[in-house]
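The values are calculated or read from the model by the stated rules, or taken from the named source; none is laboratory data. As the structure is a prediction and not an experimental result, all values here were calculated from the model. Cβ placement follows ideal geometry from the backbone for every residue including glycine, while neighbour counts extend to all protein chains displayed. Heavy atoms of the whole protein, side chains included, go into the accessibility calculation; ligands, DNA and RNA do not. Shrake-Rupley method; radii C 1.70, N 1.55, O 1.52, S 1.80 Å.
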Amino acid sequence: MTGMGADVRRRPRGIPVNRELVELAKAAHPNLSISPPDLVHVTSVGWGRRIVDTGNLEKRRCSVFGKELVYFFLSRPAYRFGRGDEKNDQLNFFPFVIVLSPAALPPPYHVYPFDTGAYMSGFYDEVVDPSIYIDDYELEPNLDSAVRHIEWAFVGPDEYLDAKIRTGLAGAIPQWRSVAQSWIRIASLASVGREKPDRRASAIEFAYGQSIDLRQGHGRLLIFPTQLLEDPNGKNTAFLEAIQKLNIEFTTYDWSPNETPDSFADIIEQTLRCHCEARAA
């Protein structure tokens, strides 16, 4: 998909940043004393196996920001594979999910209210205002700012998980608040009522400038295919032992060949939601 291009979306020097979303969310008063929401990293089984073996979630070069970063979404497994809608018969190409607690992590490099890679690649061009630069949408680089954004824009965590923007939000904001109005249009692309909702469009993105050592107790849950542990031809005892060394809970979904990676998105999202609800209970 061809977007408007990075030169249009990046701010020239001398033009001030307009952080409307941060300003509007400051009036929100969520309960920040409760357990923080989890961070979700989605990768392929092939890379997930390497992460478990090394115990390290390594940062990698990001073409959007020109830095080595490791990416997450807050509470949602919203990441989409580049060829996720194509059938495949190799287990290594299917989703592997790593859920972390952000409590003991260093401050993030940035927090955005959507997938910045999808934004810069033009996936939201049908609604994007070309006069607004990408960093106008940026939230403050901390968890509290993300939680306030959820309270202001979605009412609460359940509505955020469902990608349901607060009813009447656009009508309650002056039209001259162009950054907020533009974000609402982008976030609406995640609506369940759309023919093909893009869940990335309202998922809060966290990026960290440091690799994350899963052996330090950050890990909460792994989600991967049952067939990675065992199939009729044998058990993968070495992988199970590697998970046990990390001391991270895991759950599985039933994989079958010649499906698409995207076809498992709903079951993964439901599994993660059950995990979140169990933690909150």
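Quick notes on this structure:
- Cβ-Cβ distances below 9 Å connect the following pairs, each with a first residue in the stretch 139-153 that is without any contact (Cβ under 8 Å) to a residue 60 or more places away in the chain, a second residue that is β-branched (Val, Ile, Thr), and a separation of six or more residues or different chains: Pro141/Val111; Asn142/Val111.
- Taking the stretch 49-96 as the range and being out of contact with any Leu (no Cβ under 7 Å at 6 or more places or on another chain), of a type in the set (A, V, I, L, M, F, W, C) and closer than 23 Å to Glu159 by Cα as the test, the residues that pass are Phe73, Ala78.
- Positions within the stretch 159-177 being of a type in the set (Ser, Thr, Tyr), part of a helix (DSSP H, G or I) and over 19 Å from Tyr112 (Cβ atoms), in sequence order: none
- Number of positions in the stretch 183-194 that are in contact (Cβ under 8 Å) with a residue 12 or more places away in the chain and assigned to a loop (DSSP other than H, G, I, E, B): 2
- Test result for Ala180, open to solvent by less than 20 Å² (accessible area, probe 1.4 Å), assigned to a helix (DSSP H, G or I) and touching a residue at least 12 places away in the same chain (Cβ under 8 Å): yes
- Selection count, the stretch 86-117, where residues are β-branched (Val, Ile, Thr) and farther than 19 Å from Gln210 by Cβ: 1
- Evaluation of Thr167 against the conditions (1) surrounded by fewer than 21 Cβ atoms within 10 Å (Cβ to Cβ); (2) in contact (Cβ under 8 Å) with a residue 24 or more places away in the chain shows that the sole unmet condition is (2).
- When the residues of the stretch 195-216 are filtered to those that are assigned to a loop (DSSP other than H, G, I, E, B) and acidic (Asp, Glu), the one that is surrounded by the fewest Cβ atoms within 10 Å (Cβ to Cβ) is Glu195.
- Within the stretch 133-165, considering residues that are within 17 Å of the chain's Cα centre (by Cα) and of a type in the set (Phe, Trp, Tyr), the one nearest to Pro16 (Cα to Cα): Tyr137
- In the stretch 224-236 there is at least one residue matching the filter, namely being open to solvent by less than 70 Å² (accessible area, probe 1.4 Å) and within 21 Å of the chain's Cα centre (by Cα).
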